[in-house]
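The values are calculated or read from the model by the stated rules, or taken from the named source; none is laboratory data. In this text the structure is predicted, and so the values were computed from the model without any measurement. Using ideal geometry, Cβ is built from the backbone for each residue, glycine included, and neighbour counts are taken over all protein chains shown. Note: areas computed on protein heavy atoms with side chains; ligands, DNA, RNA excluded. Shrake-Rupley method; radii C 1.70, N 1.55, O 1.52, S 1.80 Å.
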Amino acid sequence: MRQVLTVLFCFAAFTTALASLPTTHYKQRSTKDAKVLILGGGVAGVIAARTLYREGIDDFLIIEARNELGRRMQNYTIGGTQTDNGPANPILALARKHHVKNQYSDLDGSVTTYDYNGSKDYRDILNTSIDQFTRIIAVAGERVKTQQVDLSLQSAYGITGATPKNLYEAACQYYEVDWVRDFFLSKHAVFPMSHSSGMQVFFLLDFFILLIITTTHPIDAQPPDRSSWIASAWNNNFTFNTNMSGFSDHNNLCIDQRGFKTIIQAEAADFLQPEQVSLNSVVTTISYDGDGVTVTLENGTNLTADYVLCTFSLGVLQYGDIAFKPALPSWKVEAIQSMVMATYTKIFLQFEEKFWFDTEMAVYADKERGRYPIWQSLDHVKFFPGSGLIFVTVTGDFSLRIESMQDSDVQEEVMEVLRAMYPNTAVPDPVAFHFKRWNADPLFRGSYSNWPPSFLPGHSGNLRATVDKRLWFAGEATSLKYFGFLHGAYFEGLNAGEEIAKCIKGFACTARTHLDSVLDASPYPFVSITP
């Protein structure tokens, strides 16, 4: 009997279960609508609000465009179940606190490989590719010690003699760099539920999430020529390498029917009152000066505050969906436009019966690099056996390409690849097909940030720096160590909450400093290059 796939854009009801009050309560309330307006109800925003609450400050308001908290926490993938001896990842701590169920996923040891003629065993090349990337990370560390300039990951592959020479090596490099276990950064999850007819109904919750994946690879969703060599190395080591205070190198897939967003929604319910959250509220304009801020919503409502914390995605800031009055200073604009908002797309298919690989993963090598290369089976004994579900991932420019296409045309291309992988099987059309257009979504404009070769630490500092001590910024993109990760958003929200609390309480309100200009490390060879 065919199982049914339902694409469910579900929005959990916001509930409140108040925790004990903070030991000291800051009683002086603002004459404005709030002391602090927190723009965005994702991890950074909720953790900033929780930090203010713990500091005794409850005069804040979270402004969220969607009708539930979570922002990009909508895909219900959990990574970070630790078996190593690294420090506790805060996301893992929240998952454990709220009893989010998950299952170990073997990304390296359970892989089948294919090319455009069908099954082709090149797992030895995949293993070599893993070793090559480990070497690249080590060489990056040596370059930092001697203060050598940053280069792209593509340059790193060339310098270390690991440039791909054929389509199999290119596919394995894609697995390590472009996709890399981004699998757990943008995972969708499927949850089986009972049905009155006796059939099992699978609810596919199609949303993106930034979270700690514990593997030994970076998370770029960009080709090697667009990713920083050194920043990829520290982003990798500070997250995954326990010898560098990283967390762990294991991966778990969330199979909790409540979804991974439970961790932030349940955490918010511990302290938030309903009147401290404004859902379905789209910000259009932020006006600021030395006396405070005014935030204008799409419906014309004006909200005033002493401080505002922007947790919008980097893509939204780059696209210019929000108007700032006065315009942001040039150093802030340069920082925003110098980083990259990557796009990462999962394409789901459901069939009446499983006909594909019994491993968890599959790699497909095509003559065109990045053409539907990474596959995963959810119809697996460890996940959702009998579901008939499989998905394929594309990234970067290929993601942007398919976003411009009709679903039917994308499905036709995907099925062409799947049938090439199984030339001796009568592969049927899927009974369900779905993917999310992240770049086109005006609330996100992409999936998560990536550090390009031209982005310097000074840019990172400027990205998170405050403007006029009133306008604050936080999110995964503002994290120097953990950009692109959910725990990066967590730590940035925590820090912003702590610093804003100091300003409110009249302590040293230093804000976050900036550089007026981010300078090259060495003088240019010419004094002038223009007339």
* Please go through region 482-509 and pick out each residue that is modelled with pLDDT of 85 or more, open to solvent by 40 Å² or more (accessible area, probe 1.4 Å) and in a loop (DSSP other than H, G, I, E, B). => Lys505, Gly506
* Can you name the residue in region 27-50 that is open to solvent by less than 50 Å² (accessible area, probe 1.4 Å) and either in contact with a His (Cβ under 9 Å, 6 or more places away or on another chain) or part of a loop (DSSP other than H, G, I, E, B) (or both) and is also modelled with the lowest pLDDT among such residues? -> Ser30
* **Of all residues in region 421-463 being surrounded by fewer than 22 Cβ atoms within 10 Å (Cβ to Cβ) and in a helix (DSSP H, G or I), the one that is farthest from the chain's Cα centre (by Cα)** => Gly458
* To do: Exactly one condition in (1) over 30 Å from Tyr104 (Cα atoms); (2) open to solvent by less than 30 Å² (accessible area, probe 1.4 Å); (3) part of a strand (DSSP E or B) is not met by Leu253; state its number.
  => (1)
* For residues that are aromatic (Phe, Trp, Tyr) and over 21 Å from the mean Cα position of the chain (by Cα), scanning just region 336-364, find the one that is most open to solvent (accessible area, probe 1.4 Å). => Phe355
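For every residue, the table says whether it meets (1) in contact with a helix residue (DSSP H, G or I) (Cβ under 6 Å, 6 or more places away or on another chain); (2) modelled with pLDDT under 85; (3) open to solvent by 10 Å² or more (accessible area, probe 1.4 Å).
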{"residue": "Asn102", "(1), (2), (3)": "no, yes, yes"}
{"residue": "Thr112", "(1), (2), (3)": "no, no, yes"}
{"residue": "Lys145", "(1), (2), (3)": "no, no, yes"}
{"residue": "Asp150", "(1), (2), (3)": "yes, no, yes"}
{"residue": "Gln154", "(1), (2), (3)": "yes, no, yes"}
{"residue": "Gly161", "(1), (2), (3)": "no, no, yes"}
{"residue": "Phe184", "(1), (2), (3)": "no, yes, no"}
{"residue": "His188", "(1), (2), (3)": "no, yes, no"}
* **Complete set of residues in region 51-65 that are in a strand (DSSP E or B) and aliphatic (A, V, I, L, M)** => Leu61, Ile62, Ile63
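Yes/no matrix, rows are residues, columns are (1) more than 25 Å from the chain's Cα centre (by Cα); (2) within 17 Å of Glu64 (Cα to Cα); (3) of a type outside the set (S, T, N, Q):
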position	(1), (2), (3)
Gly259	no, no, yes
Leu272	no, yes, yes
Asn280	no, yes, no
Thr294	yes, yes, no
* Asked: Quick one: would you say Ile130 is within 14 Å of Asn236 (Cβ to Cβ), out of contact with any Gly (no Cβ under 8 Å at 6 or more places or on another chain) and either modelled with pLDDT of 95 or more or of a type outside the set (D, E, K, R) (or both)?
  -> yes
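Tally up the residues in region 381-396 that are open to solvent by less than 20 Å² (accessible area, probe 1.4 Å) and either part of a loop (DSSP other than H, G, I, E, B) or among the small types (Gly, Ala, Ser) (or both), please.
Taking region 381-396 and keeping what is open to solvent by less than 20 Å² (accessible area, probe 1.4 Å), we get 383-384, 387-396.
Narrowing further to those that are either part of a loop (DSSP other than H, G, I, E, B) or among the small types (Gly, Ala, Ser) (or both): 383-384, 387-388, 396.
The total comes to 5.
A quick yes/no check of all residues on (1) among the aliphatic types (A, V, I, L, M); (2) in a loop (DSSP other than H, G, I, E, B); (3) at pLDDT below 95; (4) over 22 Å from Ser447 (Cβ atoms):
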site	(1), (2), (3), (4)
Phe357	no, yes, no, yes
Val363	yes, no, no, no
Glu368	no, yes, no, no
Tyr372	no, yes, no, no
Trp375	no, no, no, no
Asp379	no, yes, yes, yes
Phe398	no, no, no, no
Met405	yes, yes, no, no
* From the list Asp520, Asp516, Asp468, which residue is at positive phi and either over 20 Å from the mean Cα position of the chain (by Cα) or not small (Gly, Ala, Ser) (or both)? -> Asp468
* **Pair list, Cβ < 9 Å and 6+ apart or interchain, from region 91-115 residues that are among the acidic types (Asp, Glu) to residues that are assigned to a loop (DSSP other than H, G, I, E, B) and surrounded by 15 or more Cβ atoms within 10 Å (Cβ to Cβ)** => Asp106/Asn251; Asp106/Thr359; Asp106/Glu360; Asp106/Lys382; Asp108/Thr215; Asp108/Thr216; Asp115/Tyr122; Asp115/Asp366
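Just to check your reading of the model, which residue among Gly290, Gly300 is modelled with pLDDT under 95 and either of a type in the set (Gly, Ala, Ser) or within 30 Å of Pro423 (Cβ to Cβ) (or both)? Working first, answer last.
Numbers: Gly300 fails: modelled with pLDDT under 95.
Testing whether each residue is modelled with pLDDT under 95 and either of a type in the set (Gly, Ala, Ser) or within 30 Å of Pro423 (Cβ to Cβ) (or both) leaves just Gly290.
Conditions tested, residue by residue: (1) part of a loop (DSSP other than H, G, I, E, B); (2) more than 30 Å from Ala34 (Cα to Cα); (3) touching a residue at least 60 places away in the same chain (Cβ under 8 Å).
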{"site": "Phe312", "(1), (2), (3)": "yes, no, yes"}
{"site": "Leu328", "(1), (2), (3)": "yes, no, yes"}
{"site": "Ile336", "(1), (2), (3)": "no, no, yes"}
{"site": "Thr345", "(1), (2), (3)": "no, yes, yes"}
* Residue under evaluation Phe324, criteria (1) under 23 Å from Ser447 (Cβ atoms); (2) surrounded by fewer than 23 Cβ atoms within 10 Å (Cβ to Cβ), criterion not met -> (1)
